[in-house]
1. I'd like to know which of Ala20, Leu41, Thr57 lies farthest towards the positive end of the charge dipole of region 1-59, counting +1 on Cβ of Lys and Arg and -1 on Cβ of Asp and Glu.
2. With the alpha-carbon atoms as the only input, what is the per residue convex hull volume for region 1-59 in Å³?
Amino acid sequence: MFPVARAAQSLVARSIQHTAVRRAHRKHEPNFHDKYGTTVLLGGAAVFSAVWGYVFTQLKIEWGFSPIGRITPSEWRE
């Protein structure tokens, strides 16, 4: 069993080395993420900031969770 395991390990090691050499000699072609990744990330951050900036400044949100002193009962009409 030992020679079989050693042969399998050698085969796996040679396969990994062969793949590494093949990838090292190939020219790296930029894909979509290499070309536009930073631009898309910055664009998304800008949209995110713009939308939440609008929400925080333009909507009438009361930023206090306690209703004491803010809610006054209306007069009862009969």
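1. Ala20
2. On the way: hull volume 7.1 nm³, N = 59.
In region 1-59, the Cα convex hull volume per residue is 121 Å³.
A short reminder: the numbers here are calculations on the coordinates, not readings from a lab. What you are looking at is a predicted structure, and each value in this text was computed from that prediction instead of being measured. No Cβ is skipped: glycine too gets one built from the backbone with ideal geometry, and neighbour counts run over all protein chains shown.
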